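Only one structure is covered here, and it is reproduced in the block below.
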Amino acid sequence: MFMGEFQHSIDEKGRLTVPAKFRELLGASFVVTRGLDQCLFVYPMDEWAVMEKKLKALPLMKADARAFTRFFFSGATECQLDKQGRVNLPGNLCEYAKLTKECVVLGVSTRVEIWSKHTWEQYFNQSEEAFNDIAEKLVDFNFEL
């Protein structure tokens, strides 16, 4: 399971050091794609297969399903770590997530998320204010703390 929050930087060549505790879980190759909330999602290959199966099951005749599937798959790229534990992020994905220098790398259960530090701070501050309300709504999903 991926968990934790780590501050890292992207170098001038678009390389980001992946936290050491995530490297083994990601494996030899993994998939990076556009995520929600203007971040990148990073999936180990086995979790990517689960997502692929779920997306394939969406109804082709529904415009929203087609749009989401296009959004998700068109940004996807298979990546590997170099010997220093860095991943070279494609320019289109860096542009989507507004990644420049300072980044935040999050472990979120079955995936890793990569955020620009600025976007993460804004998102976190807004979510922190609404955390109790969000927790209350999760009861609708039979979720209790």
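Of the solvent-accessible surface of the chain, computed with a 1.4 Å probe and all protein chains present, 54% belongs to carbon and sulfur.
3J(HN,Hα) along the stretch 90-102: x, x, 5, 6, 4, 5, 4, 8, 6, 7, 10, 10, 7 Hz, from the Karplus curve 6.51 cos²θ - 1.76 cosθ + 1.60 with θ = phi - 60°, whole Hz, x for Gly and Pro.
Grab the eigenvalues of the alpha-carbon gyration tensor for the stretch 35-79, scale each by 5, take roots, and send me the semi-axes largest first in whole angstrom.
So the three semi-axes of the stretch 35-79 are 19, 13, 8 Å.
Rg of the Cα atoms in the stretch 71-143, relative to 2.2 N^0.38 Å, amounts to 1.39. Among the listed options (1) 1.10; (2) 1.21; (3) 1.04, the one matching Cα Rg over 2.2 N^0.38 Å as calculated from these coordinates is (1). Rolling a 1.4 Å probe across the protein heavy atoms gives the stretch 77-145 an accessible surface of 70 Å² per residue. On a per residue basis, the convex hull of the C-alpha atoms belonging to the stretch 1-87 measures out at 111 Å³.
The values are calculated or read from the model by the stated rules, or taken from the named source; none is laboratory data. This structure is a prediction, so every number in the text was calculated from the model and none was measured. The accessibility values were calculated without ligands, DNA or RNA, using every heavy atom of the protein model including side chains. Shrake-Rupley method; radii C 1.70, N 1.55, O 1.52, S 1.80 Å.
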